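Only one structure is covered here, and it is reproduced in the block below.
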Amino acid sequence: MIFRSRVLTGITLVLGILLFAYTLYSAGPVEVLSRVRSLGWGLPAIIVISAFRILVRAIAWRHCIPIANRSVGLKELIAARLIGDAAGHLTPAGLLASEPARLLVLANKLPIEVATHSLAVETLTYTMTSCVMVLAGTMTLLASFAVSEDLRTLSLIAFGGMFIVLVVVTLIVVRRWTLLTMLGEMMRKVLHMAGFSRRWKQHVEMLRRLEHHVLDYYRGRPIEFVIVNGYEGLFHLAGVAETWTALYCLGAKPNLMTAFTLEATNRAINMLFSFVPARVGVDEAGSALLTSALGMGTATGVALAIVRKVRVLFWTAVGLIVFASFSRENAKTATKT
């Protein structure tokens with residue numbers, strides 16, 4: 001399994017690098033480099049804005065934790081976010097790597113079930129608000145800009161996909177459809193008939209408790225649900241501010257509508273290509289396509305994506321440093337006991 005994961009990481013990374021090289025060559029390496037060099041004070045500003053975004057999601061996560069267990073502080077939640085993001089960026093597993101990594105950090109701070117349930121609520125809320133962000137960005141693009149038929153078709157496909165996801169998730173929450181539990185129970189019966197391990201029954205029970213906790217949260221804590229949505233909204237608005245700042249410092253003349261559209265596109269890319277390490281290549285290609293359609297040229301889009309890569313690499317390095325510190329503390333604790 002580990003070998004296959006490494007092979008997949010290598011393949012997606014190589015393909016991403018090839019796509020990145022092609023996009024950079026098409027946009028003009030000299031012009032792209034010139035724009036990146038002109039960033040100046042924009043990079044520290046982008047780091048500050050992105051730090052605010054990390055903080056906001058950590059606060060949102062804390063509001064998903066039951067009040068009785070909120071002794072865990074923002075410091076631990078921020079550390080969990082940083083370590084999880086680093087794991088997600090460095091492997092093709094995406095959420096399959098980042099979420100367990102976050103839970104690992106909180107193993108000594110929260111009961112594993114409480115940590116898992118609260119993280120599931122926050123992640124689902126983030127996904128729903130991201131879908132809304134992509135839908136709004138797509139509508140803005142189609143209503144406010146003259147785009148090619150190919151881009152319009154791609155946008156409509158993305159719009160339809162995100163709309164279906166949002167409707168299904170909303171129906172699951174409102175009507176309390178326990179789809180995961182049903183699928184797990186079906187799998188358990190199939191495995192039981194095939195003579196495999198009966199331990200699957202325990203996994204189904206864990207899945208049932210997780211699903212019921214998520215559904216109970218939305219129905220039983222409506223005020224906190226609104227608060228969490230508010231923080232997720234702040235996260236997205238800060239993303240728009242980050243994109244506007246980067247475009248301005250790269251020499252473009254952006255307005256809020258342009259920045260909003262580009263940030264919504266970036267959110268869609270992050271969701272659809274989470275298996276690509278650091279979204280190498282796909283972010284550059286997608287941003288270049290859109291900035292070209294918006295009249296800012298492909299070089300602006302590639303430069304914008306490179307700036308995002310610098311930000312991602314910065315926080316990934318911070319996450320690895322935090323993980324090293326976390327590992328040393330755990331080792332000291334183990335030695336004392």
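The values are calculated or read from the model by the stated rules, or taken from the named source; none is laboratory data. Please read these numbers as outputs of a predicted model, since none were measured by experiment. Don't worry about glycine lacking a Cβ; one is built from the backbone with ideal geometry, like all the others, and counts go over all protein chains shown.
Pairing residues of the stretch 57-81 that are in contact (Cβ under 8 Å) with a residue 60 or more places away in the chain and under 17 Å from T125 (Cβ atoms) with residues that are assigned to a helix (DSSP H, G or I) and of a type in the set (F, W, Y), at Cβ distances under 6 Å and at least 6 apart in sequence or on separate chains, gives R57/F235; I59/Y231; A60/Y231.
Results for (1) modelled with pLDDT of 90 or more; (2) within 23 Å of L55 (Cβ to Cβ); (3) of a type in the set (S, T, N, Q); (4) surrounded by fewer than 21 Cβ atoms within 10 Å (Cβ to Cβ), shown as yes or no for each residue.
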residue: E224; (1), (2), (3), (4): no, yes, no, yes
residue: I227; (1), (2), (3), (4): yes, yes, no, yes
residue: L234; (1), (2), (3), (4): yes, yes, no, yes
residue: A241; (1), (2), (3), (4): yes, yes, no, yes
residue: L247; (1), (2), (3), (4): yes, no, no, no
residue: L250; (1), (2), (3), (4): no, no, no, no
residue: N255; (1), (2), (3), (4): no, no, yes, yes
residue: A259; (1), (2), (3), (4): yes, yes, no, no
residue: N266; (1), (2), (3), (4): no, yes, yes, no
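Suppose the filter is modelled with pLDDT of 80 or more, hydroxyl-bearing (S, T, Y) and assigned to a helix (DSSP H, G or I); does T123 pass it? So T123 fits the description; yes.
Within the stretch 74-106, the set of residues being more than 17 Å from L210 (Cβ to Cβ), surrounded by fewer than 18 Cβ atoms within 10 Å (Cβ to Cβ) and either polar (S, T, N, Q) or modelled with pLDDT under 85 (or both) comprises just one member, L90. Residues that are among the aromatic types (F, W, Y) and at pLDDT 80 or above within the stretch 12-49 comprise just one, W41. Does the stretch 290-312 contain at least one residue that is over 19 Å from T23 (Cβ atoms) and modelled with pLDDT under 85? Among the residues of the stretch 290-312, not one is over 19 Å from T23 (Cβ atoms) and modelled with pLDDT under 85, which makes the answer no. The residues in the stretch 33-80 that are under 21 Å from the mean Cα position of the chain (by Cα), within 18 Å of A115 (Cα to Cα) and basic (K, R) can be counted, and the count is 3.
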